[in-house]
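Notes follow once the structure below has been shown.
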Amino acid sequence: MGYLNKLKADLEYYTDTEKKIALYIISQLGNFKDCSSKSIAASLNVAQSSISKFSQKLGARGFTELKMLLIEEYTLEVNNKHKKHLHNSIEKSDSLEVIAGKLIREKHTAIEETTNNINFHNLREIIKVIHSANHIQITGIGGSALTAKDLAFKLMKIGYRVTCEIDSHVQITVAQALRHQDVQIAISYSGRKKEILVAAAAAKERGAKIIAITTLAQNQLQKLADYTLETISNEDEWRSSSISSRTAQNCITDLLFVSLLQINDLRSLALIERSRSLINKLE
């Protein structure tokens, strides 16, 4: 669980009191070891119980646990920045060598932070749901459509019945025909694309399970989903044509693919080999 990322990502969804607490914590991370729930409550003129409740809302058992975890995460983040010079923006004057280095660091950070945030108990349940599905629909718009197509192709190669149409109207049409034993994997970094939300709502109404692959920040897609896999990237730091967000998405979808491949390894490998053999006949 990335408490520091979640603390920052959900700022716009907090109550006024929660936002005051969150902003104070963020501003004091460098000296957080000297803070207590009592001192924060006094500084912000809020009830001490509000600090405890906010800590629990983030997923910690109380303020003491949240404090320890945030200090650990912040220390790691600072060390990584000093070591790798992370999150540098690409400048017009940068050479190709510099751009290449920045892209590598940005993609590596997206993969590392996304992986560190995975709830593996939740992931195991998701893999079971996908594996037992009669039919799998994968949706995505724009850059997320590339991730959707990639996952669909990989799952089809190992024997799963998958539909992945890029046209939003077709996505909605397929979604409203799904059934109770079917699954929709909705991929959207923002979780706010209207096309994706309409398709997810249609699938949910039909009784299909919804698996969302989306950002850590609260969004409407998370509310519709039965399961959520969160992706973390530095996309807001510099506009990179969805490069880092797609990297984070691919981190999750590749993990899903390999996990499903592992379940039926012999059958899956046989299907892959058969596909390769048939394609070779085209040469």
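The values are calculated or read from the model by the stated rules, or taken from the named source; none is laboratory data. These numbers come from a predicted model, not from an experiment. Glycine gets a Cβ as well: all are built from the backbone with ideal geometry, and neighbour counts include every protein chain shown. Just the protein is used for accessible areas: all its heavy atoms, side chains included, with ligands, DNA and RNA removed. Shrake-Rupley method; radii C 1.70, N 1.55, O 1.52, S 1.80 Å.
State the percentage of accessible surface on region 3-85 attributable to carbon and sulfur atoms; use a 1.4 Å probe and exclude ligands, DNA and RNA.
Details: 2410 of 4770 Å².
C and S fraction of accessible area: 51 percent.
If I fit a long axis through the Cα atoms of helix 243-263 and take the longest principal axis of the Cα atoms of the chain, what angle between them do I get, 0 to 90°, rounded to 10? Relative to the chain, helix 243-263 is tipped by roughly 60 degrees.
Think of region 104-280 as a dipole: +1 on every Lys or Arg Cβ, -1 on every Asp or Glu Cβ, centred on the Cα centre; then among THR215, ALA225, SER245, ALA225 lies furthest on the positive end.
Think of each Lys and Arg Cβ as +1 and each Asp and Glu Cβ as -1; about the Cα centre, that makes the dipole of the chain roughly 480 debye. Within the accessible area of region 104-280, what % is carbon and sulfur when the probe is 1.4 Å and the other protein chains stay in place? Result for region 104-280: 52 percent of the exposed heavy-atom area is carbon or sulfur.
When the expected Rg is taken as 2.2 N^0.38 Å, what fraction or multiple of it is the alpha-carbon Rg of region 162-268? Spell out each step's value before the answer.
Numbers: Rg = 14.5 Å, N = 107, 2.2 N^0.38 = 13.0 Å.
Taking N as the residue count of region 162-268, the ratio is 1.11.
Just to confirm the number: angle between the C-alpha axis of helix 143-157 and the first principal axis of the chain, 0 to 90 degrees, nearest 10? Helix 143-157 sits at roughly 50 degrees to that axis. Considering all different alpha carbon pairs of the chain, the Kirkwood hydrodynamic radius works out to 20.8 Å.
Taking Cα centre as origin and charging only the Cβ of basic (Lys, Arg, +1) and acidic (Asp, Glu, -1) residues, the dipole magnitude of region 105-205 rounds to 140 debye.
Over the chain, average the accessible area per residue using a 1.4 Å probe and give it in Å², no decimals. Mind dumping the intermediate values first?
Numbers: 15150 Å² over 283 residues.
Dividing the accessible area of the chain by its residue count gives 54 Å².
Report, in degrees rounded to the nearest 10, the 0 to 90 angle that the Cα long axis of helix 63-84 makes with the longest principal axis of the chain. So the helix axis and the longest Cα principal axis differ by about 70 degrees. Derived value for region 121-208: Kirkwood hydrodynamic radius 12.9 Å. Basis is the mean of 1/r over every pair of different alpha-carbon atoms. One quarter of the convex hull surface built on the alpha carbon atoms of region 3-85 amounts to 5.2 nm², the projected area averaged over directions.
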